[in-house]
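See structure below.
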Amino acid sequence: MINDTPRVRFAPSPTGYLHVGGLRTALYNYLFAKKNNGSFILRIEDTDRARYVEGAVENLLTTMKWVGLDYNEGPDKPGEFGPYMQSERLDIYREHINNLLDARKAYYCFCTPERLTQLKEEQQKQKLPQAKYDKHCLSLSKAEIENKLKNNESHVIRLNVPPTETISFDDIIRGKVEFSTNVVDDQILIKSDGYPTYHMANVVDDHLMKITHVIRGEEWLSSTPKHVLLYKFLEWELPQFAHLPLLLNADKSKLSKRQGDVAVEDYKSKGYLKDALNNFVALLGWNAGDDQEFYYMDELIEKFSLERVNKSGAVFNLEKLNWLNGEHLKKLSNDVILELFKNELASSELKNTNYSDDTLLLIIDQMKERVATVKEFISEAPYLYSRPNSYDEVFSSKVWKDNSAALLTDLIEIINESEIIDKDDYETCLKATAEKNSVGIGKLMGPFRLALSGVGHGPGVYDIANIIGKDEVVERIRVVIKTLSL
Ligand code: GLU
């Protein structure tokens, strides 16, 4: 049963960027909260000081804003259960670790790195399935511990995992999950630098922040038995767990940087729309039970349920993202696209960006049906902005004939004499030139396109002419004649 007001959280460690897997976790938490009138909390898990990355938190907050996953409480949105940065909650962890120590559910460990390495090597030699700490320090007396602490001996605090017990919990996606404590190590809860590990801080915070559902990636499933033990030792009620399937590359290996972009900001800078990215990411492991693929956020909220999340890994398919982006793009109004396009032009290396809004709207009309992203308005049709610097050989050998130069020379003259108002006027000019030379208009179309774009595909040739303007049309025809008549 879902609590009246579920509280869920996205709890990223600030590694420097938001991974698409992180976005999927954040999105599912968000959808679940919205759907069930609950709260979505952003908590920053920054207790691993060795992995501290300057600016990572700011970056994460900016990316969360861009994708539009608005949280109810977070580092920059104070709430009843703050602070929402774990590095600001150290006293809280201290209090709970003391309770665990008093109950002997946790213990000090003073073992040196050398001893631990030796232990590991011995266990490997014995071919034990998994290296585990041998509870050596559990037998230290109170006096010994106090003495060592007084002498400032380096130490950690470990979880006292009971031997040979079965830990089980229900996972909304995977059903009943069981682990034997024999495979669970005496996890470090407080590190030698005094900071808590992920496990300790995560459980304490989920409890204190009244999290009802822990929705996170499958990679955390093997940590859950440790968490379940902590809840038990601290006498706290378990939240519900839902472990989301892994994200995979096309070859079914775990999604990795080596095979493509994994940072949300990379997709942003490649010109993907946030709506398309959210739509795409929502389908990585979930479907509504039909074959619908195009969604806006509202509909995702309405249809989402954890029960319909798959167990098996979800393949990250860039072609599908491109297709979805194209679909979302087509549905935007031209005015909205115009703003995106202008931003794109401003950050591109193009020199010729002094087109009027009317001309940019002509480009939008031509390109929006042909591309996946606004960026491709430029990369897929560079000739709309600057003269072609080469002519496609296959296309030119097909269309450039002995009489092409003469026909185009006539065309220049006719264009120069005509008043050109819109694209139809170019068609009239080509027709007049064809008639004058008693040839079909087809004899002119190919060379004309070659002159304007250098390639055999793209928007309609009269549209291209209309976009680049009369002077540029004439100049490009001159250049092609000069280049190909040599
Ligand atoms: N800090 C963990 C991460 O970086 C959170 C895992 C969890 O949600 O429990 O993904």
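Taking every alpha-carbon pair under 8 Å whose residues sit at least 6 apart, the chain reaches a relative contact order of 12 percent. Using a probe of 1.4 angstrom and keeping all protein chains present, the accessible surface of the chain works out to 50 square angstrom per residue. Computed as a quarter of the hull surface, the mean projected area of the alpha carbon convex hull for the chain stands at 31.0 nm². How are the alpha carbon pair distances in region 277-410 distributed across 10 Å bins from zero to the largest one, expressed in percent? Over region 277-410, the share of Cα pairs per 10 Å bin runs 10, 29, 24, 21, 11, 5, 2, 0 percent.
Highest mean packing first, where packing is the average number of other Cβ atoms within 10 Å per residue, the peptides 115-122, 61-68 line up as 61-68, 115-122.
Entry note, region 81-183: relative contact order of 26 percent, from Cα contacts under 8 Å with a spacing of 6+ residues.
In plain terms, the chain from LYS127 to ASP170 could stretch by 12.3 nm, reckoned as 0.36 nm per residue minus the Cα-Cα distance. Of the solvent-accessible surface of region 224-277, computed with a 1.4 Å probe and all protein chains present, 46% belongs to carbon and sulfur. So what's the gap between the Cα centers of region 285-306 and region 113-127, to the nearest angstrom? Rounded to whole Å, the Cα centres lie 49 Å apart.
Compared with the dominant Cα axis of the chain, that is its longest principal axis, helix 404-417 is turned about 80°. Relative to the longest principal axis of the Cα atoms of the chain, helix 442-453 runs at roughly 50 degrees.
Shape index of region 361-470: Rg/Rh, with Rg the Cα radius of gyration and Rh the Kirkwood radius from the inverse mean 1/r over Cα pairs, equals 0.97. Taking label points 7 Å from Cα along the Cα-to-Cβ direction, ASP471 and ALA250 give a separation of 4.6 nm. Each residue of region 166-171 is assigned a 3J(HN,Hα), and the resulting list reads 9, 9, 10, 8, 9, 10 Hz, derived from the Karplus form 6.51 cos²θ - 1.76 cosθ + 1.60 (θ = phi - 60°), x at Gly and Pro.
The charge dipole of the chain, taken about its Cα centre with unit charges on the Cβ of Lys, Arg, Asp and Glu (plus for the first two, minus for the last two), comes to roughly 1680 debye. Between LEU230, ASN249, TYR267, the Cα set farthest toward the positive side of the dipole of region 222-280 (charges on each charged residue's Cβ, about the Cα centre) is that of ASN249. For region 273-329, the Cα-based Rg and Dmax, in that order, read 10.9, 31 Å. For region 361-457, carbon and sulfur atoms together expose 48% of the accessible surface, with a 1.4 angstrom probe and every protein chain in place. In order along region 81-86, phi translates into HN-Hα couplings of 10, x, x, 9, 10, 4 Hz, rounded to whole numbers, per the Karplus curve 6.51 cos²θ - 1.76 cosθ + 1.60 with θ = phi - 60° and x for Gly and Pro. Cβ screening of the chain for cysteine pairs under 4.7 Å finds these without a partner: CYS111, CYS429.
Element breakdown for region 133-195 at a 1.4 angstrom probe: carbon and sulfur atoms account for 47% of the accessible area. The angle separating the long axis of helix 334-347 from the principal Cα axis of greatest extent in the chain is about 80 degrees.
Over the chain, what is the percentage of antiparallel beta bridges among all DSSP beta bridges, to the nearest 5? Looking only at bridges with both residues in the chain, the antiparallel portion is about 55 percent.
The values are calculated or read from the model by the stated rules, or taken from the named source; none is laboratory data. Please read these numbers as outputs of a predicted model, since none were measured by experiment. All Cβ positions, even for glycine, are placed from backbone atoms using ideal geometry, and neighbour counts span all protein chains on display. To get the accessible areas, we keep the full protein, side chains included, count just its heavy atoms, and leave off ligands, DNA and RNA. Shrake-Rupley method; radii C 1.70, N 1.55, O 1.52, S 1.80 Å.
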